[in-house]
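Nothing in this text is a laboratory measurement; each read-out follows from the coordinates by a stated rule. Computed from a predicted model, the values in this text were never measured in an experiment. Positions of Cβ are backbone-derived with ideal geometry, glycine not excepted, and every protein chain shown enters the neighbour counts.
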Amino acid sequence: MPAPRKLFIKTYGCQMNVYDSERMAETLAAEGYETTDRQDEADMILLNTCHVREKAAEKVFSELGRLKVLKDAKPDLRIGVAGCVAQAEGAEIIHRAPVVDLVVGPQSYFRLPDMVRAVDGGARVIDTDFPAGDKFAALGARRGGRRAPAAFLTVQEGCDKFCAFCVVPYTRGAEVSRPAAKVIEEARALVEAGVREITLLGQNVNAWHGEMAGGREGGLGELIAALARIDGLDRIRYTTSHPNDMDDALIAAHGAEAKLMPYLHLPVQSGADRVLKAMNRKHTAEHYLRLIERIRAARPDIVLSSDFIVGFPGETDAEFEATMDLVRAVGYGSAYSFRYSPRPGTPAASREELPAEVVAERLYRLQALIDEQARAVQDSMVGREVGVLFERPGRLPGQWVGKSDYLHAVHVEGPDSLKGDLRRVRITASAAHSLAGELLAAA
Ligand code: SAM
Ligand code: SF4
Ligand code: F3S
């Protein structure tokens with residue numbers, strides 16, 4: 001048997017890319033590729049890329065520049081570009097970067113084995129189709145073997161919302177939900193492989209809908225209820241959701257399903273109605289705040305998170321202050337804020353940009369407010385008992401790190417056997433980016 005070839009995948013962007021990278025590795029395992037975390041020993045390097053902001057997309061071309069040096073020294077090295085930059089700029093990559101052998105979009109990577117064979121035959125190949133049908137069905141079952149205790153599972157892909165700033169509807173295509181039975185089957189396989197926490201993924205994960213057992217149509221709330229019945233699966237999370245797709249059943253699930261963790265990422269982008277309209281978000285700030293009230297009524301201890309875009313074209317000082325007011329009204333446990341980045345092909349790209357220094361100052365103020373809130377929520381955990389799923393050893397001897405129900409990193413002193421355990425922990429201290437705690441007796 002020939003020695004396995006080594007595959008190194010570098011993943012940029014969102015969790016869906018992390019999931020796709022795993023699936024690409026599994027697909028290529030069948031072709032004799034074994035993954036490595038050492039780029040220098042790789043026979044194939046795949047960059048799984050993100051196009052959402054200019055900086056993310058630029059990284060790919062600078063990384064390709066560095067890889068050219070590697071390939072000059074090792075001419076047999078294969079280089080591939082996958083993901084959203086591949087989808088958006090595939091032809092340009094092939095044209096601009098002769099070092100690249102293969103370009104594959106996020107909807108067509110199930111064809112990687114054929115593409116790799118063509119590259120072995122001396123071709124340069126590009127596939128950025130949006131083939132009809134379920135790409136996951138074409139990928140087949142997940143690889144066996146033991147897994148880390150927390151895993152991602154993509155249940156929905158694509159986006160039909162067309163926010164004026166966003167490339168995702170163009171790079172990922174139309175909204176598609178995977179069938180409930182397939183999702184449940186994959187979740188069961190993950191649990192059998194040692195997974196105890198699953199994060200359901202989708203660009204608009206709460207737009208998921210499908211046929212449940214008995215033939216009824218259901219949404220994400222129903223899917224979560226079905227997954228919660230899997231023995232051995234202890235925690236369920238989902239991301240990213242859109243405010244307009246938070247239906248009653250999903251809100252109710254936050255109160256009813258003990259396995260659904262009390263943390264929700266629900267991006268609002270701005271607190272000003274005129275800006276939200278210009279962004280084509282199709283909801284107001286008031287609608288969002290009422291939604292948060294209903295979610296908190298279902299699950300009072302829920303920790304909330306959001307995304308914000310600062311300096312969207314036309315955003316006035318007063319409109320930015322409305323965003324600050326919304327943040328104060330909600331009280332977030334975490335949030336991401338981004339400087340607006342014009343993306344080619346999106347409606348907002350042709351609108352006039354704000355001066356960079358105005359945007360920088362707003363971003364600084366928003367981030368300071370979010371950091372203050374995040375720290376307050378983290379500090380409020382001290383003295384409480386929380387569940388923690390332990391994933392890896394910490395930096396100090398005898399130390400373990402895991403994620404709390406509320407998604408905070410928690411350090412404890414514990415035995416080597418802690419990996420993969422879900423334990424009750426009393427939180428004793430709050431540091432800059434993590435909590436410290438002590439293990440309570442196992443039940
Ligand atoms: N579907 C999700 C939603 O509706 O919130 C997330 C999509 S996007 C992958 C993640 C975040 O990137 C968005 O919530 C938005 O804040 C940010 N983003 C998208 N396009 C952007 C742009 N052109 N400039 C700056 N930030 C952007
Ligand atoms: Fe992008 Fe808007 Fe779709 Fe989210 S809902 S992926 S921000 S277009
Ligand atoms: Fe980036 Fe594509 Fe995800 S653009 S954020 S990798 S969907």
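Of all the listed residues (59, 71), the sole one being more than 21 Å from the chain's Cα centre (by Cα) and free of Cβ contacts under 8 Å to residues at least 60 places away in the same chain is 71. The residues of segment 351-383 that are charged (D, E, K, R) and either surrounded by 15 or more Cβ atoms within 10 Å (Cβ to Cβ) or part of a helix (DSSP H, G or I) (or both), listed by number, are 351, 353, 357, 361, 362, 365, 371, 372, 375, 379. Entry remark, segment 1-56: residues being part of a strand (DSSP E or B), in contact with a Ser or Thr (Cβ under 6 Å, 6 or more places away or on another chain) and of a type in the set (S, T, N, Q) number 2 in total.
If I filter segment 41-48 for residues that are more than 16 Å from ligand 1 (Cβ to nearest atom), touching a Leu at 6+ places or on another chain (Cβ under 6 Å) and not β-branched (Val, Ile, Thr), do I get at least one hit? Checking segment 41-48: at least one residue is more than 16 Å from ligand 1 (Cβ to nearest atom), touching a Leu at 6+ places or on another chain (Cβ under 6 Å) and not β-branched (Val, Ile, Thr).
For segment 192-236, a tally of residues being within 22 Å of the chain's Cα centre (by Cα) and in a strand (DSSP E or B) returns 10. Of all residues in segment 51-67, those satisfying the criterion of being near ligand 1 (Cβ under 10 Å from one of its atoms) and among the hydrophobic types (A, V, I, L, M, F, W, C) are 52, 56. For residue 110, state whether it is among the aromatic types (Phe, Trp, Tyr) and in a loop (DSSP other than H, G, I, E, B). When the stated conditions are applied, residue 110 does not pass them.
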